[in-house]
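Have a look at the structure below, then the notes.
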Amino acid sequence: MNDPMDHATGIEKRELEQFKSGNKDPWLLDTVLKRGPGTKEQPNMIPSAFDGRIVGCSCKGNRFVNWMWLEKGAPKRCECGYYFQLKEVKPI
């Protein structure tokens, strides 16, 4: 079989290039973001290459995940009181 790089295009090719350069998690899927202070002054920073992202907060005392949209700009407060904000990262 030929080398997959010969057939790959677009985002698939960029993903394969990331693997080849040593980045085994280009989509940050294996990265668990731990909650920090989460105050308005120090919100939990969520990496995103886009202007918006869906984020889940596992609020204390709740067994369900609270899903919310984060938009680029000001921090957003979850129902439990923690703040989250998007941090711009370079797209793959």
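The values are calculated or read from the model by the stated rules, or taken from the named source; none is laboratory data. Note that the structure is a prediction, hence the values are computed from the model and not measured. Cβ atoms come from the backbone with ideal geometry, glycine included; neighbour counts cover every protein chain shown.
For region 57-74, which residues satisfy the criterion of being exposed (fewer than 11 other Cβ atoms within 10 Å of the Cβ) and either closer than 21 Å to Pro26 by Cβ or of a type in the set (Lys, Arg) (or both)? Result: Lys60, Arg63. When residues in region 1-55 are screened for being within 22 Å of Lys90 (Cα to Cα), of a type in the set (Ser, Thr, Tyr) and in contact (Cβ under 8 Å) with a residue 24 or more places away in the chain, 1 of them pass.
Within region 25-39, identify whether any single residue is of a type in the set (D, E, K, R) and modelled with pLDDT of 90 or more, and answer yes or no. Taking every residue of region 25-39 in turn, none turns out to be of a type in the set (D, E, K, R) and modelled with pLDDT of 90 or more.
Scanning region 76-92 for residues that are closer than 27 Å to Glu15 by Cα and not in a loop (DSSP other than H, G, I, E, B) gives Gln85, Leu86, Lys87, Glu88. Inside region 60-75, residues that are part of a strand (DSSP E or B) and under 19 Å from Pro47 (Cβ atoms) make up a count of 5.
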